[in-house]
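Each remark here refers to the structure printed beneath this line.
The values are calculated or read from the model by the stated rules, or taken from the named source; none is laboratory data. Since the model is a prediction, treat every value here as computed from it, not as a measurement. Note that each Cβ is placed from the backbone with ideal geometry, even for glycine, and that neighbours are counted across all protein chains shown.
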Amino acid sequence: MGWFGLDPYSITQRVLASNKKVAVPTLARSVLHGVIGFTVVSVAGFSPWVLAGKWFYKNPGELVMYASCAAVFLILSGLLLHPLIIGPGSLKRFYAFFVLAFLAYSIGWIGGWMGLSGYSSDVRSIVGLFAGTLVMAVMFALAFEARRMMFLVLIALFGLNSLGYFVGGWIEGALAQEKQVVLLGFILSGSKLTIFMKMMWGVCYGIGFGAGLGISFYIIQFKARAMLLLRGRTDEK
């Protein structure tokens, strides 16, 4: 049985009980919603690191900084991404599921990163990303009662999340070699350039992970979409 009423039968029953057609996002719309929504979440979530990273490292520590970032991610994610779940009542169900899933992802990521302190940052990042997305993929499969789709969810989450993360890191590294950057007529240098290049990492991370989440929520609800389509209660858009 799925979690929080996210199994195909429960989703179908809620839509049928609403006595109206429910808009079911297409794959393209799910990806777009995930990208836009999670990019906003990501930029906000990276803010503790971007704006107060030095203070965190010197005072409460690296772990507290990561926890602060995760808290921002969790608070905003439900508000911006809950329409990815089909049917009424998606906000509370998104929060119930995603809080657990993202906490598990964060623990896996942080554990993989901090547990390999003697290795290069790239190795630590890959292990952390894989550990985090593997746990999240398992939770997707269990919550939505779609175990056969777990591997596809893992590919989407790990592949796109890693792509956004490492592209963002590459952009940050490239900008770090510049003394100043002109953006929309403004000259960025020093601390302003540092903030900008870290934010660009957040944007890339948000685009990659957001696309992965959009695809994951789409494919993990394939049974519910099929059941609703048979009953003529959906309106894909």
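Some observations on this one:
- Within the stretch 107-118, residues that are in contact (Cβ under 8 Å) with a residue 12 or more places away in the chain have Cβ atoms under 7 Å from residues that are among the polar types (S, T, N, Q) in these pairs: W113/S125, counting only partners at least 6 apart in sequence or on another chain.
- Residues that are at pLDDT below 80, assigned to a helix (DSSP H, G or I), surrounded by fewer than 14 Cβ atoms within 10 Å (Cβ to Cβ) and hydrophobic (A, V, I, L, M, F, W, C) within the stretch 165-194 comprise just one, A176.
- Qualifying residue in the stretch 125-133 (condition: among the aliphatic types (A, V, I, L, M) and buried (at least 22 other Cβ atoms within 10 Å of the Cβ)): yes
- E145 being touching a Gly at 6+ places or on another chain (Cβ under 6 Å), surrounded by fewer than 21 Cβ atoms within 10 Å (Cβ to Cβ) and not in a helix (DSSP H, G or I): yes
- Pick from the stretch 219-237, criterion part of a loop (DSSP other than H, G, I, E, B) and either in contact with a strand residue (DSSP E or B) (Cβ under 8 Å, 6 or more places away or on another chain) or at pLDDT 70 or above (or both), ranking: nearest to R147 (Cα to Cα): Q221
- Verdict on S162 being touching a helix residue (DSSP H, G or I) at 6+ places or on another chain (Cβ under 8 Å), among the polar types (S, T, N, Q), modelled with pLDDT of 80 or more and surrounded by fewer than 24 Cβ atoms within 10 Å (Cβ to Cβ): yes
- The single residue among L63, L116, L129, L80 that is modelled with pLDDT under 90 and assigned to a helix (DSSP H, G or I) turns out to be L63.
- You will find that of V72, V40, the residue that is in a helix (DSSP H, G or I) and modelled with pLDDT of 85 or more is V40 and no other.
- Those residues of the stretch 83-106 which are among the aromatic types (F, W, Y), closer than 12 Å to F4 by Cβ and free of Cβ contacts under 8 Å to residues at least 60 places away in the same chain, in sequence order: F94, Y95, F98
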